[in-house]
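Some notes on the structure that comes next.
The values are calculated or read from the model by the stated rules, or taken from the named source; none is laboratory data. As the structure is a prediction and not an experimental result, all values here were calculated from the model. Counting neighbours? That spans all protein chains shown, and the Cβs are built from the backbone with ideal geometry, glycine included. In case anyone asks, the SASA skips ligands and DNA or RNA and just uses the protein heavy atoms, side chains included. Shrake-Rupley method; radii C 1.70, N 1.55, O 1.52, S 1.80 Å.
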Amino acid sequence: MKELFDSHVYLGRDPASEKALDLLLGTQGWRRFVFFSHEKFLEACKDPARRVLAYRLKPPPPAPPINPGGMPVPMPAPIGPQRRTPPPTPPPAPPAPPAPTPVPVPVPTRAPLPVPPTWVPTPAPTPTPSPVPTPVPNPTPVPVPVPTPTPMPAGPFANPTSGAPTLVIAREYAHPASRDRGLKDRDDFTETVYWHAGLPTGPDGRTTVRFHVSDSITSFKVWADAIAADGSLGGGDATIVSQKPFYIEPKLPLEITAGDIVDLPVALFNRTATRCRSQVRVSAGKGLKLDPNPVELDLPPQSSGRIYVPLAASAFNGMVRISISGAAGVFKDEVVREIRVVPAGYPVRRSFSGLLSSSARMEFEIPVSLADGSLETEASVCPTPLGTLAGAVKGLLREPYGCFEQTSSVTYPNVMVLSYIENHANPDQKTAEHARSLLETGYRRLMGFECRGGGFEWYGRDPASEALTAYGLMEFIDMSKVRWVDGDLLARTRRWLHGKRDGRGGFRSRIASDGLSHAPAETTNAYILWSLLEAGEKGLDREIDATRKLAAATRDPYLLALAANILGLAGDRAAADALSSLAELQSPDGAMRGAATSITCSGGIGLEIESTSLAVLAFLRSGKFPVEASRAARWLFSKCEGGRFGSTQATVLALKAIIAWDQATAKPVKPGSVRLALDGREVSSVPFTPDVQGGIEFAPFADRLSPGMHVAELALEGGIEMPYSMDIRYRAALPPSNQGCRVGISAALSAAEIREGEVVEARVKIRNLSGSPLPTTLAVIGIPGGLEPRLDQIKDLVKEGKVDFFEITGREVVLYWYGLAPEAVLEIPISLTASVPGSYSGPVSRAYLYYTDEVKSWCPGLEVKVLRGGE
């Protein structure tokens, strides 16, 4: 597969991603068996094969191994995290008859395969020849020892004499039926239910297999391929029909909005030879209203029919369990599903944060236009940086994450989590395991963004972005300290960036409209140089000289902070002058304001956070500006909103600065307690001890809030100064006011009423409201619950160049552009299929600049009525 537009669906953090990947591979519940010669694979596919095998080093051509028949044996790479030392090379053996054809044996393990390290195969010793020669049907015979036909431990088959691997077998076991499931339960819809790649037969060529089918009422296709002892090939297929005498099949939307009405279609099937009177009853949890009385339908023999059950979504926020049960005489069936209900209206957030030394007071208002069931609250304090990091991960995961930079920014905090845990006593193992899981997913996704010509780009397309590659290099260097990172990848990336030097103290970089390819040359040069020095690169004297001159000439705090970091890393004497100049630019509250732009072309609070974070890193590296560093760090703490510090780039830089500040100023945690009060009444009090890990979270208090003004107070007794944050989220009838957004959005459906199965078009218009080019731009289009976007049509928009990238999350289609030309107007059609009858309202749509995401343009959610197909 050369291209995978919606890779996030298959490689994302959502638990459904694993199932989606199985479906994509056609092996749901499985990973297929793989028998391969890695040498032939490398020869045929070259660099892509090396990437698949995650080779650390390009292996030299090996000497061909000799086996009893005198034929070369292809040798695969071993499985396992440790490097193996190959055995000594034995002398060639005399010709001998070939060994029998190997009988592959399954390895019963569900553990994922580790990345194979580099291994250079050498000739294997001569095994004892088989007394009975058997022809091998391959053009190049590959005789191997015959394994015992019993389950073996996971790992490569080994030569019985030397232990050198001869075949690599990868396997994950098949679909198992749940042991505690009831006879009437139907909640397992796995598609591939059995796969066996090493099934031996008896002397008569027959064998018997047993397996569990899933709960799907469908036909299962069975294929069998066989090879006889004399090399003859054979195969066959059959069909197994899995059905019940009577069963039901409902169709639900994935998500709906409070106030939506769903005409839930339920298909009924009578597979008996007699007429039956059927009944369907639906029950649901809180969040859905429905008529509890059964709906009846008369079904003739061997027939099917359909009924509709009205459901109304009430004020609720979360998943609702639905049980649809049917009965026809003695026959019964039940299907259990889940549907998400979200509140209506525009999302609004009020955030408070800072450093808590004794007490903190926060005033806020809950509007009368508050949507029922939409209010959510979070409050926490963080005695250690783990809490701050965990909050950042949670906040970043709420946002779109389809491109390299977004994926990096979600992954990077987990690198910091593991780094912090590994350097402290009494590690929080639960937090560590969660971080490792997210980091593993992030690393796999990041590999898919490397360009064929080298470097990384937002969506993995040539040519690469120099600045984005520099950001990625810093991330991979830090990541390599807490997990294995492909050494070849690091070397390639370093070489690629080195090759971009222009010989005049700068770097050649393409100019594009996205944030990290549109920054001024001096900003891009400094950012790339900073990355290379952080990676330990040498031989950059000319570039460092250019930075020294930049530091002496500029009064831009972002550029000056970058220069101070570079000169500090290089051990240059000019670093002291740059830091002094930087300190003079610091505002009384600790912020660094007045920068023209950043590497991300950000603006507003994001630009201030990026500049201030870089200043903290530079101040701390010198060790001579502790007051300025602490003042800037305190300001950073006050800018936390829902765990995030502005845009993704700003958040990562802020976290790096906060961790560095904590390491420089950390004090032992003292026992104490923290109390939360609301309107003068205590909500809760939480004690803590010196061995506390992560953050201290208070129980939600949304049920105590009514429309009007409120005062929340945090009080610390004992302990030490620690960061705090409080987040209040709700939905209101009026959109949040965002002045100065430079991109506008409107959206409308081509028809307000449509019949089930028909297609309607969402017509989206995006405008550049400024007279200048805009950097990376996003539009998030809310889709009503009864409609489903047509993926093929949206992919065509990318191929036609109308959209640069897209992703789909829940009921939202996220569209990306590298940038917008001055006063550009884009008209984007999105085809939607009416799938479930009812009346629906979609989530509100919005557009914004990626690196200035605190300023958004909003438009109302789309509304549609889907009529029943037979009406």
Compute the relative contact order of the range 466-619 as a whole-number percentage, counting only Cα pairs closer than 8 Å that sit 6 or more residues apart in sequence. 23 percent
Where does the charge balance sit around PRO860 when Lys and Arg score +1, Asp and Glu -1, over other residues with C-beta under 13 Å from its C-beta? +1
Return an integer: the convex hull volume of the alpha-carbon atoms of the range 467-608, in Å³ per residue. 121 Å³
Apply the a/c threshold of 1.5 to the C-alpha gyration tensor of the range 773-871 and tell me whether it is rounded, prolate or oblate. prolate
Within straight-line cross-link reach of LYS802, lysines at Cα separation under 18 Å, skipping those fewer than 8 residues along the same chain: LYS765
Just grab the label-to-label distance for ARG508 and ASN738, each label 7 Å out from Cα along the Cβ direction, in nm (one decimal). 3.9 nm
Taking Cα atoms only, Rg over Rh for the range 581-684 with Rh from the Kirkwood formula is 1.06
Put LYS865, LYS799 in order of accessible area, largest first, probe 1.4 Å, and you get LYS799, LYS865
I need the peptides 300-309, 767-776 ranked by packing, meaning the mean over residues of other C-beta atoms within 10 angstrom, with the highest value on top. 767-776, 300-309
Quick one: accessible surface of ASP188, probe radius 1.4 Å, all protein chains present, in square angstrom to the nearest 10. 30 Å²
Checking the cross-link filter: which lysines have an alpha carbon closer than 30 Å to that of LYS500, excluding same-chain neighbours under 8 positions apart? LYS2, LYS46, LYS58, LYS481, LYS538, LYS549, LYS656, LYS799
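So, R0 is 30 Å and r is the distance between the beta-carbons of HIS434 and ASP47; what FRET efficiency does that work out to, to 0.05?
FRET efficiency, HIS434 to ASP47: 0.30.
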Where labels lie 7 Å past Cα in the beta-carbon direction, separation of TYR194 and ALA824 in nm: 5.5 nm
Among MET319, MET592, what's the order by accessible area (1.4 angstrom probe), most exposed first? MET319, MET592
What shape does the range 637-708 take by its C-alpha gyration tensor, where a ≥ b ≥ c are the square roots of the eigenvalues and a/c under 1.5 counts as rounded, a/b above b/c as prolate, and the rest as oblate? oblate
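Report the net charge of residues surrounding ARG634, where surrounding means a beta-carbon distance below 13 angstrom and charges are Lys +1, Arg +1, Asp -1, Glu -1.
Working: positive: ARG631, LYS639; negative: ASP589, GLU628, ASP662, GLU721.
Result for the neighbourhood of ARG634: -2.
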What nm distance separates the two modelled labels at GLU713 and LYS549, each placed 7 Å from Cα along Cα→Cβ? 6.0 nm
Looking only at aspartates and glutamates whose Cα falls under 18 Å of LYS244's and that sit 8 or more positions away or on another chain, we get ASP185, ASP187, ASP188, GLU191, ASP215, ASP298, ASP333, GLU334
Can you order the peptides 475-485, 375-385, 202-212 by their average number of other Cβ atoms within 10 Å per residue, highest first? 375-385, 475-485, 202-212
Can you run phi through the Karplus equation (6.51, -1.76, 1.60; θ = phi - 60°) for the range 637-643 and list ³J(HN,Hα) in whole Hz, with x for Gly and Pro? 4, 6, 9, 6, 10, x, x
In the P(r) worked out for the range 219-357, what percent of Cα pairs fall beyond 25 Å? 51 percent
Gyration tensor verdict on the range 175-296 (Cα atoms; rounded if a/c is under 1.5, prolate if a/b is larger than b/c, oblate otherwise): prolate
Starting from 0.36 nm per residue, how many nanometres of slack lie between ARG210 and GLU422 once their C-alpha separation is accounted for? 71.6 nm
Nearest-20 debye value, the range 660-760 charge dipole, Cβ charges on Lys, Arg, Asp, Glu: 220 debye
Counting Lys +1, Arg +1, Asp -1, Glu -1, what net charge surrounds GLU823 among other residues with beta carbon under 12 Å of its beta carbon? +2
